[in-house]
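J.: Dumping the structure here so I can ask a few things about it.
Please treat every number below as a calculation from the coordinates, not as lab data. Everything numeric here is computed off the predicted structure, so don't read it as measured data. Ideal geometry is used to build each Cβ from the backbone, glycine not excepted, and the neighbour counts take in all protein chains shown.
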Amino acid sequence: MINDKAILVGVDGSHASYKATWWAANYAKHAGLTLQIVCAYSLPSYAAVSFDATYTAMGDDNAAHSDAQEILSKAKAIADEQGVEAVTLIVTGDPASVFVELSRNYNLIVIGNRGKGGLAERLLGTTSSSLPAYAYCPIVVVPYTDDEGNPMHLNNTITKVAVGSDESKWGIKALEIAADFAATWDAELDVISAVPKMQGVDGDQGVMDAFKEDLDVRVSPILEKYPNLKLNKSVVPGSAVDALTKASHTHDVVVVGSRGRGGFTGLLFGSTSQGLLQHAVNPVYVVPRKYVEAAETRLDTVPSSPAEVPTKPIDDISGVEEVSVPTAGIEQAHDIESAIDPLHKR
């Protein structure tokens, strides 16, 4: 099936969301996909929770709509500078539920993560409406700063990818997606399996050996499908969150499943404040539960790619409007990029 779905990136006027736009545009250009940029707001309290750069009167829908267009204009300038044409959308109402419905129509949704407040918290903050748990396509969460508040550098090439692997269907799908992602970029793939603290019949070594055998079995079909892929395997003791957070310091992207009873696929089901999404210093590529289960897509099997998930017409999704906005000047785009990336060069 030809996958002609676009990449969607959410913006709210924060530097974190503009950084996500940069990453999404760079990936869209590399993958030969189109880009759509969406700005979400709700009334009457949008000024307090959605937009960072604007403070218009609460309850003024015209002013809010104008502010959203200005934010989209700046984000579009970032995409244009990378040679990527972008369509712009405005979403009104509850962004979490709208984004879940929109996710049927995209290869990937990208959002920036800046901690408390803004669009990211509204999409990531609760398990009941968490986008990574319930989306119909994979999600990339792009961190803005490290734990000390230092802005992270944006890489325009991906050379190293890490994936958390376990035996669940979520973990297996994450491994397949990570391998495809790494192969697309001609990147090195590190497959990491975490061993919880437990005693087997033969002691800790027996447990480690069993995990290594399981990992060999999971990796075998990947190596058959991608014989030229440079793949490394490692089994590490301790927390899956700690293992992948550490990997985020040395890898351009970390891939993980979003739902399971333990290990990697369970680490994102619960409070994200103490998990990988809040402490990673490079983008986290999340394989959502609903995407893997395909529970409501009326498919008999797990979709091999987002192309197999039936789309939903934009007109059938309440609160979504396609708008045409002028592109902000290239100087403004450079100013934003300099602010979000300490190593940015004109």
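J.: Check CYS137: other-chain or 5+ apart residues with amide H under 5 Å from its amide H, H built from backbone geometry?
T.: It is none; the list stays empty.
J.: If you don't mind, there's one more thing I want to ask. Along the three principal axes, how long is segment 175-257 when you take its alpha carbons, biggest first, rounded to the nearest angstrom?
T.: Answer, in whole Å and largest first: 41, 28, 18 Å.
J.: Determine the gain in length on full extension of the stretch GLN205-SER338; use 0.36 nm per residue of separation and subtract their C-alpha separation, reporting nm with one decimal. Walk me through the numbers before you get to the answer.
T.: Details: separation 133, 0.36 × 133 = 47.88 nm, distance 4.94 nm.
Fully extending the segment from GLN205 to SER338 adds 42.9 nm.
J.: Can you compute the modelled spin-label distance between ALA63 and SER234, with each label point 7 Å from Cα toward Cβ, in nm?
T.: Placing both labels 7 Å along Cα→Cβ, they lie 5.2 nm apart.
J.: Using the Karplus equation 6.51 cos²θ - 1.76 cosθ + 1.60 (θ = phi - 60°), what ³J(HN,Hα) coupling, rounded to whole Hz, does each residue of segment 97-106 give in order, writing x for Gly and Pro?
T.: 5, 5, 5, 4, 5, 4, 4, 5, 9, 10
J.: With the calculation restricted to Cα positions, what are the radius of gyration and Dmax of segment 149-193 in angstrom?
T.: For segment 149-193, the Cα-based Rg and Dmax read 12.4, 36 Å.
J.: Set the bar at 20 Å for Cα to Cα. Now go through LYS169/LYS246; LYS169/LYS312; LYS74/LYS312; LYS169/LYS290 and name every pair that lies beyond it.
T.: Working: LYS169/LYS246 24 Å; LYS169/LYS312 26 Å; LYS74/LYS312 28 Å; LYS169/LYS290 12 Å.
In this structure, LYS169/LYS246; LYS169/LYS312; LYS74/LYS312 exceed 20 Å between Cα atoms.
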